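Asks: This is the structure I have questions about; it appears just below.
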Amino acid sequence: MAESRKAIHAYLSPDAHDAWHDFAAEQGVSVSALLEAIAEDWATRPDGDDTAPSDREQLARVARQVDAARRRRRRS
């Protein structure tokens, strides 16, 4: 039986796009594999695991800034 998959589609800045693909190429993996590995890491952390809360919090802060900037551009 074929494995069930779902697609993620994202519009990135050219710099972010290149950074994902460059890092993946340097590591010899696909961007899809990187996303899958990150999601697996997040999903398997026990509740309350704070091994890197500052990294996750910083990631969320930056993501909120990106979202806000996109909303401002759409309104202009």
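All of the numbers you see were taken from the coordinates with simple rules; none came from a lab. Keep in mind that what you see is a predicted model, and the values were worked out from it rather than measured. So basically every Cβ, Gly included, is an ideal-geometry build from the backbone, and we count neighbours across all protein chains shown.
Asks: Counting Lys and Arg as +1 and Asp and Glu as -1, what is the net charge of the other residues whose Cβ lies under 13 Å from the Cβ of V31?
Replies: Residues near V31 contribute -4 overall.
Asks: Provide the net charge surrounding L59, with neighbours chosen by a C-beta distance below 13 Å and charges set as Lys +1, Arg +1, Asp -1, Glu -1.
Replies: Local net charge: -1.
Asks: Related question: For the chain, what is the mean residue ellipticity at 222 nm derived from helices alone (per DSSP H run of n ≥ 4: -39500 (n - 2.57); sum divided by total residues; nearest 500 deg cm²/dmol)?
Replies: Estimated from H runs of four or more residues: -22500 deg cm²/dmol.
Asks: For the chain, report the translational diffusion coefficient in µm²/s to the nearest whole number, using Stokes-Einstein at 25 °C, 0.890 mPa s, and a Kirkwood Rh over Cα pairs.
Replies: In µm²/s, the coefficient rounds to 162.
Asks: Once phi is turned into θ = phi - 60°, what whole-Hz ³J(HN,Hα) does the Karplus curve with 6.51, -1.76 and 1.60 give for every residue of the stretch 7-23, x standing for Gly and Pro?
Replies: Per-residue couplings from phi come out as 8, 10, 10, 9, 9, 10, 5, x, 5, 5, 4, 5, 4, 4, 5, 5, 4 Hz.
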